[in-house]
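Step one of this worksheet: look at the structure below.
What follows is calculated from the coordinates using simple rules that are stated; it is not laboratory data. A quick note: this is a predicted structure, and the numbers were derived from the prediction, not measured. Virtual Cβ from ideal backbone geometry, glycine too; neighbours counted across all protein chains shown.
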Amino acid sequence: MKQAARLKDPHTEERQLYWRLLVAYLFMVLMLLLLVARFVWLQVFQYEHFATLAQNNSISLVPVQPNRGLIVDRNGIELARNYASYTLELTPDKIDNLDATIKALGQVVPITPRDLKRFQKFLSESKDFEPVPLRLKMDDVEAARLAANLWRFPGVEVKARLYRDYPYKELTSHVLGYIGRIGPREKDRLAADEKTANYRGATHIGKLGLEAVYEDDLHGQNGFEEIETDSAGRAVRSLRRTAPVHGNTLQLALDIHLQDVADKLFGARRGALVAIDPGSGGVLALLSKPSFDPNLFIDGIDSQSWQSLNSDWQRPLINRAIRGMYPPGSTFKPFMGMAALEAGAITPNEIRPAPGYFTLPGSSHQFRDSNPRGNGSANLAKAIAVSSDTFFYKLAWDMGIDRIHPLLAQFGLGSRTGIDLDGEAVGVLPSKEWKARRFAGTRYRDEHRRWLPADVVSIGIGQGFNTYTPLQMANATAMLANDGKAFHPHLVQKVTDARNGKTRLIEAAPYKQLPFKQQHYDYIKQGMRAVMLPGGTGWRLGQGLQYSMAGKTGTAQVVQIKQGAKYNAGALAEQHRDHSWFIAFAPVEQPKIAVAVIVENAGFGATAAAPIARALFDYYLTGKLPDDIRGQLETFPPSATGKQDASVAR
Amino acid sequence: MQVSLAKRLTRAIMDPLDGWLLALLAGVFVLSMIALFSASNQSWAKIDNKLVYTALSLLIMWLLARLSPQTVMHLALPLYVAGVLLLVGVELFGITVNGSTRWLNVGIARIQPSEIMKIALPMMLAWYFQKYETTLNWRHYVVAAVLIVIPGLLILKQPDLGTATLVMGAGFFALFFAGLSWKIIIGGGVAFLASLPVVWNLMHDYQRKRVLTLIDPMEDPLGAGYHIIQSMIAIGSGGVWGKGWLAGSQTHLDYIPERTTDFIFAVYSEEFGLAGNLLLLALYLGIISRCLLITARAPTLYGRLLAGAITLSFFVYVFVNMGMVAGILPVVGVPLPFMSYGGTATVSLAIGLGMLMGIGKLQRR
């Protein structure tokens, strides 16, 4: 052929190729023989060893579960703990007639329809060779009776397990969250994070709250045991064991006594309370009312309980403290005042009129004061103390939204505080850009998106587009109280390593300092203190104080009142009544606690929210309790550590 | 009349194909169906799927076998250039999954350009050496090395060590048959061994973990070592004659990971034992032998280099997969040719073997 003629030296080249083909062939045969040798080694010489490992479908490598880390309050009282109990587990693969077996087991121990329903649900989520629990939390008598009968039921096991328990139920649910069974979604997530190995044999995982956020700390590290089994699959002896590393202990900044007092002060009312230690950013109490029992969720909530929680109009499952967005009402005024001072829109002690209503130039619309007769004239401190609306309408109008927004953003309003809980709401600190974005949808027209001059007026008194979470308000109050030291509020203050007892502190120092003048902090604080003194809106609650207290009342409108109409609580449905707000800190000189309280649909700030804050401060700073709640408080045992052995998990 | 028509039709279909290779492949196919049925927990859906893509692969093989290698050769340069451009595209706009960027969205579908390179690179090199066949000198080997290293580095950067090794390996095989000096091969081997500590430092954590796990699977028996331990238990407990079809406890209790794809050999080995392994190895050895024979008889340099590179790549797939499942090589994602479930891998193997049959057809004329 033509190509052949072009070859330089066909014979040499061909010989070289044959030689190379031979080398390649011999090499490949040799490597395949190496594989054969490996197979002979595994399948002939090591056959006995591997056959034992695989024999009778027994598991030769057993994961040993670590104990989940405890969660304790700042005094060491256990809020989430583990206890050992027995479960009855069935492995569908090893059982011929599942229904008959369950029926027969029902003769030995009681099995309720709820147990059966839960069993069916777990069964559908797991693979056939995985053990599925039928009965949970059996007592010693039931476990013993079953153990004596187990020979009749192949594929049925009684296992000792550690259970999670939240002893204070509703009191801690919005803080701790809960753990639940690992479902298909969690399995996928674990696989994506390459954590499957560490969860082999694990049944539960943190789903909500601190249990979810600190999952990696709480779960610990799997151990494992290599077990030799006989032909019946029974463990003969343990060949090797690597102990698990138990989960780390979380110590909260939260004080469960304070949390309990706050809860009882709320009683049956709806709302939220967040108390922060201004010196550290630690969250002393975080309450959202109403609440729910987290223990219900651990092993799958029954549909009836779920229905009643989920369809309750009071929304007990929503964490109002971090997700509830409310207009701040007049509690916004101290921050607004701070912004005005910093922007130079007003000077301290500059006296201005505070009339009964405010109108924009060239408009007849009346922005009314909550006090129809007005407050005469006032400086900024007095305007805070008497909560003059017209004073702040004017301030906001003078400043304009472009100057208000960046200064208030410094307090963390309108952005997530960074608390160690998932699902925090952002809230709204309005700006021109925000409005354009908010009304960008095709349903809106350009005039909806444009910033109108009047928009800024009601923002000055915490109405209008403003909405914040109680946590944001508490956080901003704490910043004001400690002269601008900013922390990310955190529930956990210390993580103790289970292996070596070493501790890790959560944010020990502030992450930034707000760039405001000290004399402005002092001036605003003076105004907030005056709220609690005669002439201030909270003067009744300032009586008989054993320490100094600064506060601000607020009332957040839920529905708009028509021009010329009067707010009449009695005429409105309960859900449409105003929310009662209060922010406060104490002692003024050296603040130890800052708080934001909102009571939904309870009217004026001074009547519902403020008394809660006052009683809470009394308890926290002096130990004094109101008589009517003393009898309702829970009793908290001192911390009982130890008493947990990994061996029960097997 | 009827009979002769049927006969002619059969001949028309069978003529481009290589009878020996087809028979050996049919043997592997039968074993793979048996293993897949067991590994998939008797899923007819997977069997149906496999039938569909096997038929598709056969069609592609037949089409390529019919084409003259001289025609296909003209695709070498455009295919190579397109492959490199797509790899650059992956680097710039690729889709990242589990920390590595291997996929590219081209509108209709996601493609993995490194797969194209597995065949494009040896084709390119074979074409290049044939073009300069009469004037061959050391400079051409340098150019060839650059042609190998460009896609190699691009794939390494994704990072995908397994595929990079396979692609560069295919290129190296072409170089080897093109007569690369033994001195360079041995010198390169020594340099490679010497550079291992450097490579170790460049490796990602997950790659190091795989190597360490290989040395001692018990280091991390519930994590990285779990797959290897479980597949070794499956193979070892199969013994000489195996546990019997559908009776492998390791398989059916879900201890074997990826058991229809990368680890299907563990399933097969548990149920059919050493005897089954030897049968499968014999079939693979037969395929390799036949392919090398075709290589030896190929009339053009292009044909020899491409056929040789395809053959050795095929062997590497077999060896690396079985070595991994048997615990003597690290876990890399290499399927077992024609055994593992998966259309993409099967089609790309069929493309290689189809070209090889086309080369084989040429000598008989």
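Note on the stretch A:23-112: Cα-Cα pairs beyond 15 Å make up 81% of the total pair count. Test of understanding: in a Gaussian network model of chain B with alpha carbons linked when under 10 Å, which of B:GLY248, B:GLY19, B:GLY308 would top the mean-square fluctuation ranking? Judging by the Gaussian network model, the answer is B:GLY19.
Between amide H atoms placed 1.01 Å from N, distances below 5 Å from A:ALA378 occur with A:ARG352, A:ALA354, all of them 5 or more places distant or on a separate chain. In order along the stretch A:17-28, the phi-based Karplus estimate (6.51 cos²θ - 1.76 cosθ + 1.60, θ = phi - 60°) of 3J(HN,Hα) comes to 5, 4, 4, 5, 4, 5, 4, 4, 5, 4, 4, 5 Hz; Gly and Pro are listed as x. For the peptides A:501-514, A:595-608, A:394-407, A:329-342, the ranking by mean Cβ contacts within 10 Å, running from highest to lowest, is A:329-342, A:595-608, A:394-407, A:501-514.
Given in Å, the Rg to one decimal and the Dmax to the nearest whole number for the Cα atoms of chain B are 21.3, 72. If you take the Cα centroid of the stretch A:244-307 and the Cα centroid of the stretch A:134-210, the two points sit 22 Å apart. All other residues whose Cβ lies under 14 angstrom from that of B:LEU274 are scored, Lys and Arg at +1 and Asp and Glu at -1, for a net of 0.
The helix-based estimate of mean residue ellipticity at 222 nm for chain A, built from -39,500 (n - 2.57) per DSSP H run of four or more residues and divided by its residue count, is -9500 deg cm²/dmol to the nearest 500.
Note on B:230-242: average number of Cβ atoms from other chains within 10 Å of each residue's Cβ is 6. Projected label points at A:LYS121 and A:ASP302, each 7 Å from Cα along the beta carbon direction, are separated by 1.1 nanometres. Taking a sphere under 14 Å around the Cβ of A:ALA354 and counting the other residues whose Cβ falls inside, with K and R at +1 and D and E at -1, yields a net charge of +3.
For chain B, what is the calculated [θ] at 222 nm in deg cm²/dmol (nearest 500), taking -39500 (n - 2.57) for each run of four or more DSSP H residues and dividing by its residue count? Roughly -24500 deg cm²/dmol at 222 nm, from the helical runs in chain B.
Distances between placed amide hydrogens fall under 5 Å for A:LYS494 paired with A:GLN251, A:ILE506, all partners being 5 or more residues away or on another chain. Can you classify the stretch B:54-172 as rounded, prolate or oblate using the Cα gyration tensor, where a ≥ b ≥ c are the square roots of its eigenvalues, rounded means a/c under 1.5, and otherwise it's prolate if a/b beats b/c and oblate if not? Judged from the Cα gyration tensor, the stretch B:54-172 comes out oblate (a/c at least 1.5, b/c at or above a/b).
Beyond 28 Å in Cα-Cα separation lie the following of the pairs A:LYS117/B:LYS46; A:LYS137/A:LYS169; A:LYS195/B:LYS118; A:LYS137/A:LYS187: A:LYS117/B:LYS46; A:LYS195/B:LYS118.
If a/c stays under 1.5 just call it rounded; otherwise compare a/b with b/c (prolate if a/b is bigger, oblate if not). Do that for the stretch A:63-252, with a ≥ b ≥ c from the square roots of the Cα gyration tensor eigenvalues. It is prolate, given that a/c is not under 1.5 and a/b is the larger ratio. Helix A:518-531 and the longest principal axis of the C-alpha atoms of chain A enclose an angle of approximately 70°.
Counting only alpha carbon atoms, the long axis of helix A:470-481 and the longest principal axis of chain A meet at about 60°.
Roughly how tilted is helix A:609-622, in degrees to the nearest 10 and between 0 and 90, from the longest Cα axis of chain A? That helix lies at roughly 70 degrees to the long axis. Residues in the stretch A:436-450 carry Karplus couplings, in order, of 4, 6, 4, 10, 6, x, 5, 5, 9, 9, 3, 5, 6, 7, 5 Hz; the curve used is 6.51 cos²θ - 1.76 cosθ + 1.60 with θ = phi - 60°, and Gly or Pro positions show x. Each principal axis of the protein assembly as shown carries a Cα extent, and these read 116, 78, 64 Å when sorted largest first. Based on Cα contacts under 8 Å between residues 6+ apart, the stretch A:318-454 shows a relative contact order of 22 percent. Phi angles of the stretch B:68-75 translate, via the Karplus equation with coefficients 6.51, -1.76, 1.60 and θ = phi - 60°, into HN-Hα couplings of 6, x, 4, 6, 4, 4, 5, 7 Hz per residue; Gly and Pro are given as x.
Cross-link partners for A:LYS333 among the lysines, with Cα-Cα distance under 21 Å and sequence neighbours closer than 8 places in the same chain left out: A:LYS382, A:LYS394, A:LYS432, A:LYS485, A:LYS517, A:LYS525, A:LYS552.
If only the Cβ of Lys and Arg carry +1 and only the Cβ of Asp and Glu carry -1, the dipole of the stretch A:63-252 around its Cα centre is close to 320 debye.
Between the alpha-carbon centres of the stretch B:269-335 and the stretch B:107-178 there is a gap of 20 Å.
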